[in-house]
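First up is the structure itself, then whatever we jot down about it.
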Amino acid sequence: MISFNSRIKAYQEYNKGRQAKAVSFNPDDADFLFKIVPYLFHCNYPDLPGFVDDKKCPFGIHLFKPDEDIDYQLFNRYFPDSTARSLKTPTPYGSSPCIHSLKTIGSIGTIGQTKKSDCDYWISISRDELGDAGFDMLQEKCTGIEEWAAKQGHEIYFFLMDIEQTRENSFESAAEDESAGSALKLLLKDELFRTHILVAGKMLLWWLIPPGLSSAAYSEFTNRLISTDKINREDFIDLGYLSKIPQEEIFGACLWQLNKALDSPFKSVIKFAYLELLLRQKSDDLPLLSNKIKRLVTFSDQLTKDDPRIELAEIDPYLILARDIVAFYRQDKTLHKEENFMRQCLFLKTVEAIGPREAEGMNEITKLMKQWDLLPDDHEELIKFHSWSFKKQSRTGAKIHEYLIETYKRLRNILKNFQQGKVAITERDISILGRKLYTFYDRKKNKIEYIRSISRDMMVRRHLTFHATISGERNFYYVFQGKHNINSLKTNKDMLIKKETDLIKLVAWLRINNFYNQETTFHLTKNNLSVVLTDIQGLAAILYTTFPKFNFAHISAEELLEQEKINKALIVVNFSKKAVNKNSPELESVVIKVNNYGEYFIQHYSTLVQLKNMMRVLLTQHLVSRWNNNLEIFIPSQPDQYHIKQMLEK
């Protein structure tokens, strides 16, 4: 029988190993996530981010030792002007810490971590200890740190989770949060247990509870464990137990993953496959992947002779999940053809993580995936993914979305008659999540469509070349990936991204689907039209600043439940630079607008009166105007530019 101290040491070694993987992936990010963030929660000091100007503001993390973890060099790198650690300053740390445990949840510290990975933190607190006012102030502190981190280039999110509610699987967060509200409860808890890294605070008691117990046996075991003083209760946090996952929870989880796929398809394919694996189990009680991780880490004495033995430093929750998924698809005769597709998605997720220029890092991952029997047959071609043509990437993206929709249909059919249709998701959350799907896939008049891409973060091109031609009485505009001239286009027709008769719509489509950023260089081939490169560059720039990349995962429930409204608009006036006659009502303009659901629309107007009427509607019905800082107007440089401005201001 392994002693409790040995189990604790095994967990601590495993947790350090997970942190070490994050450090090796990006040392600066790891310092920020594991040192700077907990430090900011451990104090509430005026010249540090997250300061709340109220003496009653709760702060501080149990068991955290800031002066040991944060040296002066690291502190000064982030806060060179702060006096928090000056010798003349009284200690900035509180005497009554309120945060029992600070943990990451998700892909951080696994092979699934990417440069674009955001980081979700679970902050375990006791709401009874804080009170409503204290909870609100701590939430304000979270928001302040999130906003400061965003300015530093780190996308992080904090979730204040009440210990008692977590223990009872009663999460208050609704579908606007990463927790997905009613759609995910026990599945979310299973993910927390199997993926978390303890950043600061108390270790989860869960790691010391034998896997496979019933809820009653768990309660009896923990009571005996604490009453006999085998552990120090103050060093641990009890977030409850998982003995099973009801199958009726799967439908909500499926719906949620379809929504997550709109931003990150690779990750959603993997999670969707896991849901199908769970749902196709013959027993009513689904197996817990978290228990498999626990056996490998703290209960290795329960492993059977058929179970693989993995060194603590090699245990990766992402790889273990991936291996189970591939094995499931291999064994199921009806899904066997999808096995290599699963391997491809798993591999492309890591390609997305490494980036196009880090071949050495990719070689290490290739070796690791081969070792775990996860390497796809065409991995050498997949490594070149970043240089694929848009058409080839599109085919892959279409296949991913087709898989998601078809899998959803299979799961829906399985669930249709399950317990007379009972599913663990509220009608409210179904409405919220369904609205997101409708927004992405539905076609409407004047709507600028989203492409079913592999990952919008991966669509950015370093070079885009525009080409303009005349056919009959119509103008046609093309955009190609890469840097080209008229001659090279003839031999690189497969580099075509899109063809349009409307140049403004073409550039807007590129922006909305994230084909360019501030580092993208635009090119224009010689043409007989009035199009000039500076106009395209100017239009692209104002589209970029006016319409940041839309993140479907973070649309709030309130927005989705409200009536449709326009949040922001851009007006492009006389882009063709036709001479403007003071006595003529004609004035070409284009209005691009985005609503609260994330849908973009484009409309054309031919007269000044039409444009002003539209501006009046934007102001009176949607409060969109230049005075409210949610309306931009772009007039390309031209002889009549000043006159056009006067016309609009009258």
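Simple rule: put +1 on each Lys or Arg Cβ and -1 on each Asp or Glu Cβ in segment 1-242, find the dipole, and look at Ser215, Gly131, Ser6; the Cα lying farthest toward the positive end is Ser6. Using the Karplus relation 6.51 cos²θ - 1.76 cosθ + 1.60 with θ = phi - 60°, the per-residue 3J(HN,Hα) values for segment 95-105 come to 9, 10, x, 10, 8, 7, 7, 10, 9, 8, 9 Hz, with x marking Gly and Pro. For segment 446-462, backbone phi angles converted through the Karplus equation (6.51, -1.76, 1.60; θ = phi - 60°) give residue-by-residue couplings of 6, 7, 8, 7, 7, 8, 7, 8, 6, 5, 5, 5, 8, 7, 4, 10, 6 Hz, Gly and Pro being listed as x. Helix 427-441 axis versus longest C-alpha principal axis of the chain: approximately 40°, rounded to the nearest ten.
Sequence-distant contacts, meaning Cα pairs under 8 Å at least 6 residues apart, place the relative contact order of the chain at 11 percent. Of the residues Lys333, Lys483, Lys577, the one with the fewest other Cβ atoms within 10 Å heads the list, and the complete ranking is Lys333, Lys483, Lys577. In this structure, Asn528 and Arg77 have a Cβ-Cβ separation that, at R0 = 51 Å, corresponds to a calculated FRET efficiency of about 0.40.
When peptides 89-95, 541-547, 290-296, 223-229 are ranked by their average number of other Cβ atoms within 10 Å per residue, the highest-first order is 290-296, 541-547, 89-95, 223-229. Residue order for Glu147, Glu449, fewest other beta carbons within 10 angstrom first, comes to Glu147, Glu449.
For segment 361-391, trypsin sites (Lys or Arg not before Pro) are listed when DSSP marks them as loop and at most 16 other Cβ atoms sit within 10 Å of their Cβ; the list is Lys384.
For the pair Gln646 and Glu558 in one chain, pulling the backbone fully straight at 0.36 nm per residue adds 27.8 nm over the alpha carbon distance. Here's how it looks for Lys565: its modeled amide H is under 5 Å from those of Asn596, Tyr597, which are all 5 or more places away or on a different chain.
Hey, what angle do you get for helix 503-512 against the long axis of the chain, alpha-carbon based, 0 to 90 degrees rounded to 10? Approximately 10 degrees, to the nearest ten. Only one residue of Ala253, Ile542, Gly60 has its Cα farthest out toward the positive end of the dipole of the chain, where Lys and Arg carry +1 and Asp and Glu -1 on Cβ, and that residue is Ile542. A simple charge model with +1 on the Cβ of Lys and Arg, -1 on the Cβ of Asp and Glu and nothing else charged puts the dipole of the chain at about 2440 debye relative to its Cα centre. In this structure, the amide hydrogen of Leu524, modeled 1.01 Å from its nitrogen in the peptide plane, lies closer than 5 angstrom to those of Phe466, counting only residues at least 5 positions away or on a different chain.
When the dipole is taken about the Cα centre of segment 498-647, and only Lys, Arg (+1) and Asp, Glu (-1) are charged at their Cβ, what size is it in debye, to the nearest 20?
On the way: 16 positive and 13 negative charges, 81 e Å.
Around 400 debye, computed over segment 498-647.
Sorted fewest first by neighbouring Cβ atoms within 10 angstrom, Trp388, Trp509 come out as Trp388, Trp509.
Amide H contacts of Leu374 (H built 1.01 Å from N, in plane; Pro and chain starts excluded): no residue 5 or more places away or on another chain comes under 5 Å. Subtracting the Cα-Cα distance of Arg474 and Asp47 from their residue separation scaled by 0.36 nm leaves 147.7 nm. By the helix-only formula, in which each DSSP H run with n ≥ 4 contributes -39500 (n - 2.57) and the sum is divided by residues, the chain has a 222 nm mean residue ellipticity of -13500 deg cm²/dmol.
Distance check, please: which entries in Lys399/Lys498; Lys392/Lys593; Lys447/Lys526 exceed 26 angstrom between their Cα atoms?
Where the Cα-Cα span goes over 26 Å, the pairs concerned are Lys392/Lys593; Lys447/Lys526.
In angstrom, the C-alpha Rg and Dmax of the chain are 27.5, 94. Quick one: if the Förster radius is 22 Å, what FRET efficiency do Leu368 and Glu13 give, using the C-beta to C-beta distance and rounding to 0.05? Plugging the Cβ-Cβ distance into 1/(1 + (r/R0)^6) gives 0.65.
FYI, it's all coordinate maths here, none of it is from the lab. Keep in mind that this is a model prediction, so the values were computed, not measured. With ideal geometry, Cβ positions are generated from the backbone for all residues, glycine too; neighbour counts draw on all protein chains shown.
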